[in-house]
Each structure stands twice: as structure tokens, then as C-alpha cells.
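One structure is given below, encoded as C-alpha cells.
The values are calculated or read from the model by the stated rules, or taken from the named source; none is laboratory data. The model shown is predicted, which means the values in this text are computed figures rather than measured ones. Cβ placement follows ideal geometry from the backbone for every residue including glycine, while neighbour counts extend to all protein chains displayed. Each accessible area value is taken on the protein alone, full model and side chains, heavy atoms only, with ligands, DNA and RNA left out. Shrake-Rupley method; radii C 1.70, N 1.55, O 1.52, S 1.80 Å.
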Amino acid sequence: MATRSSGLTASQVAPLLKGSTPVSVGIAGPELAALVVSIRAAGITAESLQAQSPEAALAQLQAIPEVASALKAYLAITGHMLIGGYCISEKTVQESPNIIIARILEAFAPREAEDFDKSLQESIRNKIAASDREEFDQALADARLINRMRDERGVYNDIWGAGISRTAILEAGRRLQARGTLSLAELALDATSDELNALMRGEDAVSDAEL
């Protein structure tokens, strides 16, 4: 609607949606917010967390029962999500102390959920015929409301599902390593489904060296 009435291209209008997908810009969910509250209550500051390695900072948080409980609740929601893409070769949040601490630090000073470029919006709106501006306002509000579904689908379906698959495959790898079948649990990620199932049954479907 905006392109038809203003003469602008889609690429010139699309920036109006920037900031309308909270999940893609790091807006904290309730579990992360509760975790930060528990960290503050324990007297831990963002500066003290930053001064340590991510591993040491995470160990400090896990040593405090109230914080550890809030951290467990947060990771129950986000822990299985992949952090670098959609492939099971990417690590999950729960495997990445640096990502966990980075998200906690971001939540200490959260960004606004609707940080829209108001000057751009007004500039484009002024290019639209006065008779169409009410329709433009409604269309923009609808687009901003629905736009979040694109990223949320990826985060809460694809990235989460693939992360759960990775976790299950790594567990199979750990059991195979314990048996002496594999030298590293991570090698299970390179096996096909048929190969991994066969290895779990004790069959010589593929060798450790091949993987």
C-alpha cells in the first residue's frame, strides 16, 4: 500500500519494520528477566560478571541456589536452541557459557521493544496522499504486529527443534564413546541416521576413522 501511494520502492519502505521482531533484537523473556532479578538480589553486578571468563562467571551463578534455580528455568526455555544457524553441527545455548553470560549482560540494560525510526515513518507518511494516510497507519501497525512471526517461527520451531536433535545425537555419541565404539561423542553428529542407529545396535556400520 505504501509503495503504491508514495512511489517509493519496497526496499525504501521495509526499514519501517525494523524493531518489530523483539525476539531477533534480544528482548528478554520473563525467564531471563527473573534470572537478572535473582542475580541483582545476590549482589552480583554486570561489571563483576564481565571481569571474569564466561566459564567462571557461570560457575559463580550456579553456586548460588536462588540464582541457579532461575538459571535452570531460563535454560529450560532456551538451552536447546542453536546459536549459529539451523545445522546440528552448531552448538546450543546450554553448551555455550559465553552466549549465556552475554545474554544476561544484555538483559541488565534491555533495549526497548519498539525502537522505531519515527523520523523515517513521518517522512514516508508525508509522501502518501492525505486521503490514504489513515489506511497507511493501520497497514503499518498490522505489518509490525505480524512481522515478528517470521523470526519467532525460526527461533521457537526450527532452531529449537534442531537443537533438541543435536542433544539427542550427542547423548548417543556419549554412550558410544563410553562403549569404546567412538573416540569422541561429537563424531555421532557426522553419522547418517542409519549409521547411528546401527552403531547403537552394536553393528559395524561405519568406523570411527571414517567419521
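From the list R40, R4, which one is closer than 30 Å to E135 by Cα and among the basic types (K, R)?
Unique residue meeting the criteria: R4.
Which residue is farthest from T3 (Cα to Cα), if the candidates are limited to the range 118-159 and must be under 32 Å from the mean Cα position of the chain (by Cα), loosely packed, with under 13 Cβ neighbours inside 10 Å and among the aliphatic types (A, V, I, L, M)?
Restricting to residues being under 32 Å from the mean Cα position of the chain (by Cα), loosely packed, with under 13 Cβ neighbours inside 10 Å and among the aliphatic types (A, V, I, L, M), the top hit is M149.
Tell me yes or no: at least one residue of the range 94-113 is within 30 Å of L35 (Cα to Cα), in contact with an Asp or Glu (Cβ under 7 Å, 6 or more places away or on another chain) and at pLDDT 90 or above.
Looking for residues that are within 30 Å of L35 (Cα to Cα), in contact with an Asp or Glu (Cβ under 7 Å, 6 or more places away or on another chain) and at pLDDT 90 or above, one finds at least one in the range 94-113, hence yes.
Please specify each residue of the range 127-179 satisfying the condition of being touching a Leu at 6+ places or on another chain (Cβ under 7 Å) and either farther than 27 Å from G79 by Cβ or among the aromatic types (F, W, Y) (or both).
Selection gives K127, L140, A143, R144.
Tell me which of these Q177 doesn't satisfy, since it passes every other one: (1) in contact with a helix residue (DSSP H, G or I) (Cβ under 6 Å, 6 or more places away or on another chain); (2) open to solvent by less than 50 Å² (accessible area, probe 1.4 Å); (3) assigned to a helix (DSSP H, G or I); (4) of a type outside the set (K, R).
Only one criterion is unmet by Q177, namely (2).
Scan the range 191-198 and tell me whether some residue there is in contact with a Ser or Thr (Cβ under 9 Å, 6 or more places away or on another chain), free of Cβ contacts under 8 Å to residues at least 60 places away in the same chain, buried (at least 16 other Cβ atoms within 10 Å of the Cβ) and under 29 Å from L75 (Cβ atoms).
For the range 191-198, residues in contact with a Ser or Thr (Cβ under 9 Å, 6 or more places away or on another chain), free of Cβ contacts under 8 Å to residues at least 60 places away in the same chain, buried (at least 16 other Cβ atoms within 10 Å of the Cβ) and under 29 Å from L75 (Cβ atoms): absent.
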